[in-house]
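Remarks on the structure that follows.
Throughout, read-outs are computed from the coordinates displayed, never taken from laboratory work. Just so you know, these numbers come straight off a predicted model, no measurement behind them. Cβ placement follows ideal geometry from the backbone for every residue including glycine, while neighbour counts extend to all protein chains displayed.
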Amino acid sequence: MSDRLFIFDTTLRDGEQVPGCQLNTVEKIQVAKALEMLGVDVIEAGFPVSSPGDFKSVVEISKAVTWPTICALTRAVEKDIEVAAEALKFAKRGRIHTGIGTSDYHIRYKFNSNQDEILERAIAATKYAKKYAEDIEFYCEDAGRTSNEYLARVVEAVIKAGATVVNIPDTTGYCMPDEYGAKIKYLMEHVDGIQNAIISTHCHNDLGMATANTVQGVLNGARQVEVTINGIGERAGNTSLEEIAMIFKSHKEREIVTNINTSKIYGISRMVSSLMNMPVQPNKAIVGRNAFAHSSGIHQDGVLKNVQTYEIIDPKDVGIDDNAIVLTARSGRAALKNRLHVLGVELDQEKLDKAYEEFLKLADRKKDINDDDVLMLVGKDRTATHR
Ligand code: KIV
Ligand code: ZN
């Protein structure tokens, strides 16, 4: 029996905090509706007390979206919680996401406080939020650098106070995957009442380990993951939704299933990138321009014989029409022949050899060989072919 993994998308909150990525309410509604079509379980729509614009966006997204839970972020402060509850009043299913820093760095330097006081504030905030909503998520900010013993005390106390989900953020992206996995395992084994809440991962990518840490969290018992489209987010970003969805879809033996309709991934990736003016790096897993592009001769030959030789995901599974055989100076005859075939041109061996010689000369001068170049090599143009 597979276990269900809940997908909590924070593109519109953690993702939108990135300088230059701000969206207006209409654009946020567009993204929220696309997230609903994608099948996410929870949309974190904003931090309502932070600005009138964020408040309005949470209200409008709550009206526009039917199926996913709409979540609003707060600090462990009564005013924040009241404003979040007000912003969520139109949500069919609303969640208040409150919390406080639990690491010594936060307790000493941010709050000038101590562990006992922070524990009391965590309990009070959870109880206060519970007056306004049934579904309460509590985050232990900088949990990645919080001792497991103290973290377990906080998690146990907020579950007792009514939290339905407890978020364990690696806020600074510092944890190693085995360490983050062990942290989740420790909580699963040491917190009384853990079965009454869902443990959530929230990993940042400062050392490039956000996805690995999230996977370790899930394998050790977390059943919600906080992610963003294209992995956007503070500094080096958050765990990317598309990576987690495709990891568990590809590794069926792990028996973890999500509700993500993966064929919608590429479309929403393009939408978020263009609305936020945030290009996707070409070699980004799953959605980068080169994610399914084969350029070396050996790989192209293998893929043309059997696509599984060098491809673990069918591009159509993520909404990309086909894999791309990119013609470069490292491409072989087989790739050129295939491209000509696609363009409606069949050559005998002698003509193919000749065309290949010319192709290599051109490819040495020009980085990307396009279809017009290929046709020109064999003395044809588009009007003379069936494409
Ligand atoms: O990274 C973090 O700790 C956060 C919390 C506010 C959830 O984004
Ligand atoms: Zn974060």
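Using the number of other C-beta atoms within 10 angstrom as an exposure proxy, rank ASP348, ASP80 with the fewest first.
Ranked by crowding around the Cβ, least crowded first: ASP348, ASP80.
Given a cut-off of 20 Å, name the pairs among LYS316/LYS380; LYS305/LYS361; LYS33/LYS63; LYS33/LYS127; LYS110/LYS185 whose C-alpha atoms lie farther apart than that in the structure shown. Can you show the working numbers first?
Values: LYS316/LYS380 31 Å; LYS305/LYS361 26 Å; LYS33/LYS63 11 Å; LYS33/LYS127 32 Å; LYS110/LYS185 28 Å.
With Cα atoms farther than 20 Å apart: LYS316/LYS380; LYS305/LYS361; LYS33/LYS127; LYS110/LYS185.
Taking the C-alpha atoms only, the angle from helix 333-342 to the longest principal axis of the chain is near 90 degrees. Here the contact order of segment 280-321, divided by its residue count and restricted to Cα pairs under 8 Å and six or more residues apart, works out to 22 percent. If you take the square roots of the eigenvalues of the alpha-carbon gyration tensor of segment 1-133 and sort them as a ≥ b ≥ c, do you get rounded (a/c under 1.5), prolate (a/b over b/c) or oblate? Prolate shape, in that a/c is at least 1.5 and a/b is the bigger ratio. Hey, in the GNM for the chain with a 10 angstrom Cα cutoff, which one of ALA329, ALA129, ALA152 fluctuates hardest? Maximum fluctuation in the GNM of the chain, among the listed residues, is at ALA329.
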